[in-house]
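The values are calculated or read from the model by the stated rules, or taken from the named source; none is laboratory data. The structure displayed is predicted, hence computed values, not measured ones. FYI the Cβ positions are ideal-geometry reconstructions off the backbone, even for glycines, and counts take in every protein chain you see.
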Amino acid sequence: MINGHITDVQYSTGTTGYIGGDVLCALQKAHPEYEYTALVRNSDKGAQVASVFPSVRLVYGTLDDSALLEEESSKADIVIHTADSSDHAGASKAIAKGIAAGHSKEKLGFWLHLSGTGILCWKDMETETYGEAPSQQPYDDLDRVSDLTSLPDSAFHRDVDKIVLDASSDIVKTAILCPPTIYGAGRGPGNQRSRQVYNLVKTMLEQGQAPQLGKGLTEWDNVNVHDLSDLFVLLTEAAIENKPDLDDKLWGKDGYFLAENGHHVWGEVSKLVGESAFQKGYIKEKGTKAMSPEEAKDVAGFEALSWGLNSKGFAKRARKYLGWKPKGRSLEDEIPFIVDSEAEMLGIKKGHAEKEVEIAYAFHSPSCSLKNPSCFLYSPGVAKIEEAPYPTIKDQHDVVHFWNHGGIINKVDPLHPLIMGHEASGTIHEIGTAVTSLKIGDKVAIEPGYPCRRCKSCRAGRYNLCPKIKFAAAPPGNHGALTKYFKLPEDFCYKLPDFMGLDEGVLVEPLAVAVHASRQADIKSGQTVVVFGAGTVGLLCAAVARAMGASKVVSVDVNDSRLEFAQKFADAGTYHPAVGESAEDTANKIIDSNKLDEGADVVLEATGVASCIEAGISVAKRGGTYIQVGLGKSKIEFPIVKLSEKEINMKGCFRYNAGDYDLALHFLESRKVSVKDLITGVEPFERATVAWERTKKGDGIKNLIEGPL
């Protein structure tokens with residue numbers, strides 16, 4: 001329920017298309033409380049949508065059914081038009097007429113229209129210039145938005161864009177979204193494949209060499225489809241909130257959004273796809289093959305001309321007014337997966353492709369047909385999506401959820417595959433009769449281990465030390481949360497604040513680890529804290545130390561980008577140990593460069609690396625506190641004499657305990673700690689191994705895995 005009424009989002013036929021399907025998926029995840037209507041062409045398309053989104057109302061028709069489009073648009077609070085939206089003028093005219101007829105100043109109508117940055121190619125198309133470097137400066141959707149709204153009528157898509165712009169009024173609020181090259185696996189019920197780069201790869205596999213138009217100097221921007229869908233979600237939310245001070249910033253004549261988050265040169269893309277295909281054994285030559293526009297059209301159709309045209313523009317508006325922060329994988333990182341998926345479609349066998357990539361695509365989409373799809377790990381890099389039993393409620397204090405999940409992986413016995421995952425958030429799906437604090441539809445973070453409640457540790461209030469604790473994804477036999485439905489007790493579920501999404505909810509678990517470590521150290525206001533390691537937990541330790549009143553926090557790591565992030569994220573000082581530097585030298589330099597006088601009051605060691613442990617004991621002041629947060633080798637050497645002579649209070653730290661989750665959520669609700677910026681990658685459920693591999697390689701900070709639909 002939003003502002004006292006149910007929001008009805010009406011779709012065009014794009015629901016089974018690449019962009020429209022992914023947008024619906026993103027909206028359903030973010031706002032399952034909305035009511036959605038999807039326009040589909042026939043019963044086959046309807047069945048595709050219904051199988052994945054059973055609550056969506058279906059309307060049957062085509063873009064040529066003007067009366068139907070007018071009727072449905074007149075009833076919808078928000079129209080999202082993505083099917084052939086940039087070129088079908090008749091459909092846009094019908095939508096414009098319908099929204100205007102069904103709305104008023106008291107009940108505004110909103111229209112999110114998908115166009116494309118093909119509009120920016122007009123100059124090259126006019127002069128029939130292909131393969132050359134840009135001759136114009138990049139467009140800008142904020143400071144120079146008038147350049148976009150006054151493009152020549154000959155510009156691609158311009159005729160339909162003008163229909164949308166002309167429809168804008170004090171009753172009809174319009175926004176035009178213009179994505180550039182789009183890539184990434186779609187999450188919708190129909191087409192999950194983009195076109196531009198994918199057709200280039202397909203042509204390469206068919207021709208044996210990567211095509212390049214002319215000199216290959218043309219430049220485009222690009223965006224991951226998941227980030228594009230996030231922008232649709234943000235605009236939808238903005239329409240619901242309808243803040244007057246943002247009205248002219250988001251809607252109407254200035255409501256143009258260039259949705260870019262990357263830049264590429266088409267000739268370089270051709271080289272990358274060629275090298276990837278060559279390395280995998282799909283083609284025999286890795287160089288590029290120059291083509292004329294006519295050859296490209298003959299081989300790959302009219303769209304192939306875009307490989308030789310320039311389209312450049314900056315997406316400033318969404319970042320400034322909506323806080324849009326793209327976090328999807330880059331085009332360069334996506335190319336190997338595009339090459340594999342296109343080869344699979346063509347039935348081409350790989351020569352020596354990476355095993356992890358093969359696995360990620362081997363289970364790309366069966367989850368839609370399973371009641372409780374779950375990701376089982378059989379051995380390192382070998383995972384399968386298989387059916388798991390639906391978790392029935394026996395204890396009436398239990399609840400059942402469905403999930404988002406963080407990308408962490410454990411070791412397993414190949415004979416006993418295990419469902420992975422313990423960092424998770426989800427939505428309540430079913431509750432026992434004795435549950436009183438939660439209801440169906442609540443968004444929650446979970447504490448993924450529940451104890452026996454009867455042993456001495458449990459009775460002493462230290463249930464994290466319970467020898468019988470059932471912790472998610474801990475072998476042997478404790479299945480994790482990387483599954484559609486997962487059951488656990490009511491008191492191990494923590495309701496998320498209304499403003500918090502499930503993606504942030506995933507990070508409550510590692511935040512609770514950091515809270516537990518800081519409570520173990522009993523950090524007090526004015527103390528100095530040194531944190532070794534700037535991974536997820538280390539960064540959160542730094543942020544929590546600040547939230548608990550530390551006057552100075554220093555982050556130590558060998559990754560400069562992580563240290564730069566720590567400076568902004570936790571207002572931390574930083575230190576990067578030099579290669580071959582002794583632990584003693586590291587400690588002295590940390591103390592001197594950060595003016596810690598006699599050393600740090602508290603050291604939180606979050607790496608588990610022997611050299612860091614030794615440096616941590618050295619950097620702690622006499623009588624200081626040292627907490628071992630990170631787990632490394634089971635046995636290591638450390639300077640016990642120095643530990644004793646300095647009377648350092650050294651403690652272990654294991655997971656979290658009573659009150660840690662509550663304090664973690666308090667820090668999030670009070671905005672003393674923010675976790676959103678830690679999320680640097682999100683993978684669909686079917687590509688869990690990709691998130692694991694990125695985490696293993698240290699790519700990004702926190703890689704998430706979306707729960708299955």
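Restricting to segment 9-33, and then to whatever is charged (D, E, K, R) and in a helix (DSSP H, G or I), can you tell me which residue is farthest from Asp503 (Cα to Cα)?
Asp22
Looking only at segment 267-277, decide whether some residue is touching a residue at least 40 places away in the same chain (Cβ under 8 Å) and part of a loop (DSSP other than H, G, I, E, B).
No; the residues of segment 267-277 include none that is touching a residue at least 40 places away in the same chain (Cβ under 8 Å) and part of a loop (DSSP other than H, G, I, E, B).
When only residues in segment 662-709 that are among the polar types (S, T, N, Q) and in a loop (DSSP other than H, G, I, E, B) count, which is nearest to Asp560 (Cα to Cα)?
Ser674
Look through Glu584, Glu564 and report the one residue that is in a helix (DSSP H, G or I) and out of contact with any helix residue (DSSP H, G or I) (no Cβ under 7 Å at 6 or more places or on another chain).
Result: Glu564 is the single residue among Glu584, Glu564 that is in a helix (DSSP H, G or I) and out of contact with any helix residue (DSSP H, G or I) (no Cβ under 7 Å at 6 or more places or on another chain).
hydroxyl-bearing (Ser, Thr, Tyr) and in contact with a strand residue (DSSP E or B) (Cβ under 6 Å, 6 or more places away or on another chain): does that describe Tyr485?
yes
For Lys93, which of the numbered conditions (1) surrounded by fewer than 22 Cβ atoms within 10 Å (Cβ to Cβ); (2) out of contact with any Pro (no Cβ under 8 Å at 6 or more places or on another chain); (3) at pLDDT below 95; (4) not aliphatic (A, V, I, L, M) fails to hold?
Unmet condition: (3).
Scan segment 622-647 residue by residue and report those that are among the aromatic types (Phe, Trp, Tyr) and within 37 Å of the chain's Cα centre (by Cα).
Passing the criteria: only Tyr626.
Exactly one of these conditions fails for Leu234: (1) closer than 17 Å to Asp77 by Cβ; (2) modelled with pLDDT under 95. Give me its number.
Looking at each condition in turn, Leu234 falls short on (2).
Among Ala615, Ala587, Ala600, Ala606, which is of a type in the set (Gly, Ala, Ser) and within 29 Å of Gly449 (Cβ to Cβ)?
From the options Ala615, Ala587, Ala600, Ala606, the qualifying one is Ala606.
Identify, by number, the condition in (1) out of contact with any His (no Cβ under 8 Å at 6 or more places or on another chain); (2) in contact (Cβ under 8 Å) with a residue 60 or more places away in the chain that Phe302 doesn't meet.
So Phe302 meets the others, but not (2).
Going through Lys443, Lys456, Lys495 one at a time, which residue ends up being modelled with pLDDT of 90 or more, buried (at least 18 other Cβ atoms within 10 Å of the Cβ) and not assigned by TED's automatic domain parsing to the domain that holds Ala542?
It is Lys443.
Asp248 versus (1) in a helix (DSSP H, G or I); (2) in contact (Cβ under 8 Å) with a residue 60 or more places away in the chain: which is the lone unmet condition?
Of (1) in a helix (DSSP H, G or I); (2) in contact (Cβ under 8 Å) with a residue 60 or more places away in the chain, only one is false for Asp248: (2).
Report yes if some residue within segment 535-550 is part of a strand (DSSP E or B) and over 28 Å from the mean Cα position of the chain (by Cα); otherwise report no.
no
So which of Val233, Val172, Val225 ends up being within 21 Å of Gly102 (Cβ to Cβ), β-branched (Val, Ile, Thr) and touching a residue at least 60 places away in the same chain (Cβ under 8 Å)?
When all the criteria are applied, what remains is Val172.
So which strands (runs of 3 or more DSSP E) are wholly in segment 591-654 and hold at least 1 residues that are surrounded by fewer than 20 Cβ atoms within 10 Å (Cβ to Cβ)?
Of the strands (runs of 3 or more DSSP E) lying wholly inside segment 591-654, those with at least 1 residues that are surrounded by fewer than 20 Cβ atoms within 10 Å (Cβ to Cβ) span 620-628, 649-652.
Would you check which residues across segment 421-437 are buried (at least 17 other Cβ atoms within 10 Å of the Cβ), more than 21 Å from the chain's Cα centre (by Cα) and under 23 Å from Leu663 (Cα atoms) and list them?
Across segment 421-437, the qualifying residues are Ile428, Val435.
Just checking, how many residues over segment 8-60 are crowded, with 19+ Cβ neighbours inside 10 Å and at pLDDT below 80?
Number of matching residues: 6.
Quick one: what pairs do we get from segment 361-388, first residue farther than 12 Å from Pro684 by Cα, second at pLDDT below 70 and among the β-branched types (Val, Ile, Thr), C-beta under 8 Å, 6+ apart or different chains?
Sorted first by the residue in segment 361-388, then by its partner, the pairs are Leu377/Ile409; Leu377/Val412; Tyr378/Val412; Ser379/Val412; Gly381/Ile359; Val382/Ile359; Ala383/Ile359.
Find all pairs meeting these conditions: Cβ atoms under 9 angstrom apart; at least six residues apart or on different chains; first residue within segment 455-484 and more than 26 Å from Leu377 (Cα to Cα); second residue of a type in the set (Gly, Ala, Ser) and part of a loop (DSSP other than H, G, I, E, B).
Gly461/Ala658; Arg462/Ala658; Tyr463/Ala658
Counting only residues that are under 32 Å from the mean Cα position of the chain (by Cα) and part of a helix (DSSP H, G or I), which one in segment 301-311 is farthest from Gly131 (Cα to Cα)?
Glu303
Within segment 16-63, which residues are among the aromatic types (Phe, Trp, Tyr) and within 20 Å of Asn224 (Cβ to Cβ)?
Tyr18
What's the total number of residues in segment 233-247 that are of a type outside the set (A, V, I, L, M) and within 20 Å of Lys325 (Cα to Cα)?
Residues flagged as of a type outside the set (A, V, I, L, M) and within 20 Å of Lys325 (Cα to Cα) within segment 233-247 amount to 3.
Which one of the conditions (1) touching a helix residue (DSSP H, G or I) at 6+ places or on another chain (Cβ under 6 Å); (2) more than 30 Å from Val619 (Cα to Cα) does Ala474 fail to meet, given that it meets all the rest?
All conditions are met except number (1).
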